[in-house]
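One structure is given here, and the rest of the page talks about it.
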Amino acid sequence: MLSKDLERIEDLQVRKSVPLLPLTSFRIGGPAYLFLVPRTLKALEQTISYLSNRSISYKVLGQGSNLLINDKGMKIVMTLAALNRIHFHGKSKFEHEGRWQVPSNASLQHGTAHGHPFKTVSVEAGCRLKSLLSWSIRNGLCGLENLSGIPASIGGAIAMNAGTNKCSMAEAIDAVQFTGPDGSCWFRRDQLQFDYRSFRLPDKALISAARIQFGKSSPDQIRRNVRKVMCKRRTTQPIGKPSAGCVFRNPPGDSAGKLIDQCGLKGLRIGDAEVSKKHANFIVNHGKASAVQVMDLLEIIRERVKKETDVELVPEVSIWGMET
Ligand code: FAD
Ligand code: EPU
């Protein structure tokens, strides 16, 4: 009944029993009973409206880089991967879809970021951060270099306010479009609430697009900066091994990785889940780690760090379908 109804929505692909494991960077998790792929904003709006009106809950999958999914799987998962267009501001039709929370004003279109002239670019939430970065380099647009190496969709990067010790997604944002049961609506930067690795979403809404602000630079200079950032990442983090990045948030003024390391937990292993020997805030999956094994490891780490340093670590990884 549910899938039959959803199949009637034009431009919505409805797939059944889709394995989620290959769609996550951790390579962990059971299948999605229903996997929804809206191909247009209208299909997304109709899908959310249908599900919300019936109080049917669902999860939104970005690039799957910050997820620990239950081994048994999930009921309904939606991906915005097909909504991935990028456009210079003013050239696209899609940013005129939806409406503004308050009327758009001129300063949104042309302005000054950190004293440099900038351009705004509209991007749909399913676009990968890496694709936007490559596109911006080709167009001589700078500003996202410090975020290079963060595997994310634009929606996931905003939802998590992804970042480094130097900067976060929030600083690049000009406006965000939300889509919920009542349709789509743009909000300006000053109407949004970003925090360390968090972002306040309106009730029952998801991020469907964003406007990003860029400075101007030469492609060669931007490439050099990206190389520097990637070089540091490769020397300090276990890039290339399945993981979900840092599993705990940093406590104020401290580093969770340093604390876990000081407790001597590097290399601690349950099944194929191991506290990385390279960076203690990463758990790596050596092959067949289960979500339960990772949860057990998270609990041991939390207890040990609490006992030895009196710091309560809080997970950064989004945990789907399991109690924390
Ligand atoms: P997902 O993992 O798919 O989802 C994460 C959360 O966002 C979920 O709750 C999901 O429901 C929600 N979400 C996704 N899309 C939307 C949407 N359109 N609307 C509303 N909610 C949505 N993170 C950092 O901050 N800094 C780093 O330096 C960093 N390095 C990493 C390195 C590695 C090797 C890995 C594997 C991960 C790293 N991460 C890092 C974690 C991860 O890349 C970020 O959290 C990223 O923002 C997740 O984006 P995603 O699209 O993969 O989201
Ligand atoms: N450290 C150790 N042992 C370790 C890991 C780190 O002693 O095993 C020490 C380092 O030597 C350094 C300090 O801890 O003195 C901080 O380490 P690092 O520079 O690696 O930064 P981090 O605080 O551990 C944060 C983000 C990363 C982001 C990096 C780079 C969090 C939880 N982590 O890590 O983000 O890539 O800065 O800026 O905020 C993520 O969020 O998933 C993530 C990977």
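Here are some notes:
- Per residue, in Å², the accessible surface of the chain once ligands and nucleic acids are set aside, probe 1.4 Å: 49 Å²
- Solvent-accessible area of the chain (1.4 angstrom probe, protein heavy atoms only): carbon and sulfur portion equals 49 percent.
- An ellipsoid equivalent to the stretch 253-324, defined through the eigenvalues of its Cα gyration tensor, has semi-axes of 19, 15, 10 Å when rounded to whole angstrom and sorted largest first.
- Sorted into 10 angstrom bins from 0, the C-alpha pair distances of the chain split as 6, 25, 32, 25, 12, 1 percent.
- Other-chain or far-sequence residues with amide H under 5 Å of residue 249's (modelled H): 314, 316
- Using the Karplus relation 6.51 cos²θ - 1.76 cosθ + 1.60 with θ = phi - 60°, the per-residue 3J(HN,Hα) values for the stretch 12-21 come to 10, 8, 10, 10, 10, 6, 9, x, 8, 3 Hz, with x marking Gly and Pro.
- Two-site label geometry, residue 131 and residue 57: point separation in nm, points 7 Å out along Cα→Cβ: 3.0 nm
- Inverse mean reciprocal Cα-Cα distance (Kirkwood Rh) of the stretch 212-313, Å: 15.1 Å
- Backbone geometry of the stretch 69-85 corresponds, through the Karplus equation with coefficients 6.51, -1.76 and 1.60 at θ = phi - 60°, to 3J(HN,Hα) couplings of 9, 2, 4, 7, x, 10, 6, 10, 10, 10, 10, 9, 4, 7, 9, 9, 6 Hz, x marking Gly and Pro.
- Here's how it looks for residue 118: its modeled amide H is under 5 Å from those of 111, 113, which are all 5 or more places away or on a different chain.
- The longest stretch of the chain left intact once loop-based GluC sites (Glu not before Pro) with at most 13 other Cβ atoms within 10 Å are removed from consideration, loops following DSSP, is 11-311.
- Distance from the stretch 33-77 to the stretch 211-265 (C-alpha centre basis), Å: 29 Å
- Lys, Arg +1 and Asp, Glu -1 on Cβ, resulting dipole of the chain about Cα centre, debye, nearest 20: 1040 debye
- Think of the chain as a dipole: +1 on every Lys or Arg Cβ, -1 on every Asp or Glu Cβ, centred on the Cα centre; then among 13, 70, 136, 136 lies furthest on the positive end.
- Cβ-derived FRET efficiency at R0 35 Å, residue 200 paired with residue 72, nearest 0.05: 0.70
- Of 1, 160, the residue with the largest accessible area leads and the full order is 1, 160 (1.4 Å probe).
- Of 258/307; 130/232; 59/258; 241/278, those spanning more than 21 Å from alpha-carbon to alpha-carbon: 59/258
- Of every Cα-Cα pair in the stretch 166-278, the percent that sits beyond 21 Å: 59 percent
- Comparing 54, 223, 39 in a Gaussian network model of the chain, where Cα atoms under 10 Å apart are tied by springs, the biggest mean-square fluctuation is seen for 54.
The values are calculated or read from the model by the stated rules, or taken from the named source; none is laboratory data. The structure displayed is predicted, hence computed values, not measured ones. Note that each Cβ is placed from the backbone with ideal geometry, even for glycine, and that neighbours are counted across all protein chains shown. With ligands, DNA and RNA removed, areas are computed over all heavy atoms of the protein, side chains included. Shrake-Rupley method; radii C 1.70, N 1.55, O 1.52, S 1.80 Å.
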